[in-house]
Amino acid sequence: MRTLKRLFQSFGRPRQSRLHPFDRAHGTDTGGLIPADRLRTPHPSSAHITAYYPMSPSRFQGAIDLWLRSPPTHPIEQHTFVDLGCGKGRALLLASELPFRQALGVELHPRLVAIARRNLCRWQAAHRDRCPTGVLQADAADLRLPPGPCLLYLFHPFAEPVTRRLINHLRSQQPASLDIIYFNPEAAALWLNQPEIRLLWSEVLPMSPEDAAADPVANPDDLCHGYRWTRPPNEPAEVQPRSIPQHSH
Ligand SMILES: C[S@@+](CC[C@H](N)C(=O)[O-])C[C@H]1O[C@@H](n2cnc3c(N)ncnc32)[C@H](O)[C@@H]1O
């Protein structure tokens, strides 16, 4: 798996990607690679941002298909979709086309929040949204779970310290029905070490030829994990790290 850090090293200076077909088709601004050092703010969690980089639509659809086949514990119509680290909102816009109960994007960086909101206005003006959708400026680790079943989506947004805070905060809310899609799961060991977490899948998601041609950064080997937060067991938490499976079928 190629980390974003290694990517910047291999690319030297981050480069502007070509206009993605998604943005050409919808008049949105979701493209580009913004390195972590350009996303620092006075907020302490900003020190752990990985980068801004948007999800390929074909891979997003692949992750949703895996989730639907998992299968979810409740119908999609009862789930709130939450993109933790929604950036400019590409994955959020794609989620809003699905019949979720609602779709929320959470983003720390104010400039990205403003762009995501502009993109969402354009999307809604074109009537592409099928569910109530919004963008929240907040630290993902402080997420207050919405009522009802929830699907969290993370495209490797932050490093371990924020992931750890997020997991602890989720635990304090005793989620009743929580699934997690984690793309490029570099902090997977933390999730998999939680007694409540069950691995649903570990897959490499293919990209459409159109996405592959437009995406100078994504690696064909990038993994996607699916997790289900299960009821807390009676036993105390296991502390030994488990090995991370590469594939499940
Ligand atoms: C790799 S981008 C993912 C973009 C989007 N989710 C998508 O799939 O198209 C990660 C995003 O997470 C945001 N982020 C990082 N740490 C965050 C935090 N603690 N709270 C909210 N957003 C955060 C970054 O600013 C960046 O926009």
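General remarks:
- The stretch 139-218 - charge dipole about Cα centre, Lys and Arg +1 at Cβ, Asp and Glu -1, debye rounded to 20: 460 debye
- Normalised by the number of residues in the stretch 4-229, the average gap of Cα pairs under 8 Å and 6 or more apart makes the relative contact order 20 percent.
- When the Cα positions of HIS43, ALA126, HIS26 are compared along the charge dipole of the chain, HIS43 comes out farthest toward the positive end, with charges on each C-beta of Lys, Arg, Asp and Glu.
- Here is the list for the stretch 109-173: trypsin sites (Lys or Arg not before Pro) lying in DSSP coil, each with at most 11 other C-beta atoms within 10 angstrom of its C-beta, are ARG144.
- Charged-residue dipole, Cβ positions (Lys, Arg, Asp, Glu), the stretch 4-229 about Cα centre, Debye nearest 20: 520 debye
- Separation of the THR41 and GLU97 label points, Cα + 7 Å toward Cβ, nm: 2.9 nm
Values in this text are rule-based calculations from the coordinates and carry no lab data. For clarity, every value in this text was computed on a predicted model and none was experimentally measured. For neighbour counting, all protein chains shown are included, and Cβ atoms are generated from backbone atoms with ideal geometry for every residue, glycine included.
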